[in-house]
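Student: Let me give you the structure first, and then I'll get to my questions.
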């Protein structure tokens with residue numbers, strides 16, 4: 001078998017052959033008049049009209065048989081068969097000598113149906129649109145190495161219809177989300193990605209430096225604070241679909257950059273948003289999967305029933321941890337060690353509890369489940385419940401063992417918010433790198449008056465994972481973050 005360099009050398013020779021024959025291997029434009037998908041749909045009419053058609057595509061297979069050659073073209077919308085013949089095709093010999101699988105070509109010809117019933121273009125003339133210098137992966141095997149599939153996504157989607165369909169599903173998911181929010185009166189907005197303070201979530205940010213302003217800026221970890229300011233500024237229902245960036249570890253459910261839809265609804269609260277979230281997921285699943293049941297990791301997830309609701313504290317009690325409010329940090333460390341969970345120096349009580357929950361409790365929640373009643377120090381931007389000031393009025397939605405939604409009644413008391421920020425500052429000084437910073441400008445906006453509101457975010461990536469039945473987030477991100485090649 002020829003090496004990659006040997007194949008490339010031969011293709012470079014074919015490139016020169018095209019040039020010598022007077023054919024530009026990379027012309028500035030194409031005369032194609034329709035896609036192959038459109039051609040397939042209109043085939044019967046066009047064949048009857050006996051009209052000449054001009055189409056383009058990539059050669060995905062080629063079969064030469066003496067004075068004839070068949071080639072399958074694919075332009076991303078459909079595959080279509082073409083027939084080249086020495087008798088009727090201009091530059092037939094050049095096609096045989098200089099074309100390869102992977103080349104983009106344009107063909108002009110008439111339509112007919114073969115004896116086997118295959119719709120085909122009888123090529124009168126052709127031209128090269130882009131000469132490929134490297135061979136495509138072997139059709140049956142595709143790209144076997146998982147990391148190479150992620151690194152060369154263009155080959156992955158080219159050779160695997162399953163992979164391509166997954167990203168079409170993701171795109172359709174985002175379209176449907178926009179439709180849902182627009183229908184109920186939300187305004188889509190954009191907030192800064194470069195921010196002077198990395199606020200709105202508990203996460204470690206990426207930092208960069210702006211030369212002209214001579215100041216450090218952070219890639220946003222959340223759009224939350226800016227969206228709330230817009231609500232205070234007279235926009236009662238806002239949402240944003242966009243990328244977030246967190247300087248955290250990479251695993252099957254985490255990528256340093258990821259996509260969410262986040263929204264804030266004035267005069268609402270967590271209870272009302274819970275109803276909206278459940279309705280939204282039922283609609284998304286029905287629309288995109290044409291059913292209210294999906295298969296994920298060998299299990300059937302049923303969206304037709306009311307979603308389960310369970311207390312965070314009750315979940316932890318099922319692990320044998322009781323009297324959570326009275327346990328010291330050292331007590332929680334011991335509990336974590338029972339489950340082989342490492343505790344870092346800067347980990348707070350909430351973070352240790354969260355580590356236990358994520359490892360022991362969450363993976364068991366397969367059916368759609370709302371988790372409620374979080375300790376208030378978990379969520380420094382959430383309101384306290386009226387019945388219990390130590391509990392945040394918040395929820396998460398877990399499906400298939402994954403957190404896909406986080407939501408709460410948004411804190412709009414500037415005095416309470418300042419105290420929460422100051423407590424976060426203490427945690428940061430004690431070593432918690434993910435603690436939220438004090439944001440005085442946001443507090444100032446709150447002091448002008450901020451209405452009560454419900455806020456939430458849906459993970460686009462994890463929702464796509466569920467709907468496409470994959471367990472690695474890099475399967476649903478077109479270009480995931482990878483370690484550079486050595």
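Student: Among DSSP bridges having both ends in region 4-136, what percentage is antiparallel? Round to the nearest 5.
Tutor: Bridges in region 4-136 are about 90 percent antiparallel.
Student: I've got another one for you. Nearest 0.05, what FRET efficiency do residue 252 and residue 77 give at R0 = 30 Å with Cβ-Cβ as r?
Tutor: Computed FRET efficiency for residue 252 and residue 77: 0.40.
Student: Compute the distance in nm between two label points, each set 7 Å from the Cα along the Cα-to-Cβ direction, one at residue 28 and one at residue 6.
Tutor: Modelled inter-label distance: 4.0 nm.
Student: For residue 478 and residue 286 in one chain, what is 0.36 nm times their gap in residues minus the Cα-Cα distance, to one decimal in nm?
Tutor: Contour length minus the Cα-Cα distance gives 66.7 nm.
Student: Which of rounded, prolate or oblate describes region 312-464 when judged by the alpha-carbon gyration tensor and an a/c cut-off of 1.5?
Tutor: oblate
Student: Another question about this same structure. Would you calculate the separation in nanometres between label points at residue 146 and residue 164, each defined as 7 Å from the Cα along the Cα-to-beta-carbon direction?
Tutor: 2.4
Student: Next question. Within region 189-203, whose backbone N sits under 13 Å from a point 7 Å along Cα→Cβ of residue 213?
Tutor: Flagged as within label range: 192-198.
Student: Could you give the C-alpha radius of gyration of region 21-83 expressed as a fraction of 2.2 N^0.38 Å, taking N as the number of residues it contains?
Tutor: So region 21-83 has a normalised radius of gyration of 1.24.
Student: Per 0.36 nm of contour for each residue apart, how much would the distance between residue 318 and residue 331 grow if the chain were fully extended, relative to their Cα-Cα spacing?
Tutor: 3.0 nm
Student: Mind giving me the FRET efficiency for residue 341 and residue 390? R0 is 30 Å, r the Cβ-Cβ distance, nearest 0.05 is fine.
Tutor: Given R0 = 30 Å and the Cβ-Cβ separation, E is 0.80.
Student: Let me ask something else. Distance between Cα centroids, region 158-175 to region 344-410: provide it in whole Å.
Tutor: About 31 Å separates the Cα centre of region 158-175 from the one of region 344-410.
Student: Once the convex hull of the alpha carbons of region 1-138 is built, what does its volume come to per residue, in cubic angstrom?
Tutor: Cα convex hull per residue, to the nearest whole number: 118 Å³.
Student: Oh, and also: Counting other C-beta atoms within 10 Å, which of 126, 263 has the fewest, and how do the rest follow?
Tutor: Fewest-to-most Cβ neighbours within 10 Å comes out as 126, 263.
Student: Project the alpha carbons of the chain onto their principal axes and report the range along each, largest first, in whole Å.
Tutor: 89, 48, 47
Student: If you don't mind, another one. Any idea what the alpha-carbon Rg over 2.2 N^0.38 Å comes to for region 401-486?
Tutor: 1.54
Student: Could you order the peptides 146-158, 294-306 from most to least packed, using the average number of other C-beta atoms within 10 Å per residue?
Tutor: So the peptides 146-158, 294-306, ranked by packing, come out 146-158, 294-306.
Student: Any idea what log10 I(q)/I(0) is at q = 0.20, 0.23, 0.25, 0.27 Å⁻¹ for region 48-106, Debye with uniform C-alpha scatterers and no solvent?
Tutor: Those come out to -0.77, -0.98, -1.11, -1.23, one per q.
Student: Treat each spin label as a single point 7 Å out from the Cα along the C-beta direction, and report the residue 403 to residue 88 distance in nm.
Tutor: 6.4
Student: Compute the length gained on full extension between residue 193 and residue 13: take 0.36 nm times their separation in residues and subtract their Cα-Cα distance, giving the result in nm to one decimal.
Tutor: Length gained, residue 193 through residue 13: 60.1 nm.
Student: A follow-up question, please. Arrange the following residues from fewest to most other Cβ atoms within 10 Å of their Cβ: 181, 339.
Tutor: 339, 181
Student: Just want the ordering: 160, 3, 291, from fewest to most Cβ atoms lying within 10 Å of their own Cβ.
Tutor: Going from least to most buried by this count: 3, 291, 160.
None of the figures in this text is laboratory data; all of them are computed from the coordinates on show. The structure presented is a predicted model; accordingly, all values stated were derived computationally and were not measured. Using ideal geometry, Cβ is built from the backbone for each residue, glycine included, and neighbour counts are taken over all protein chains shown.
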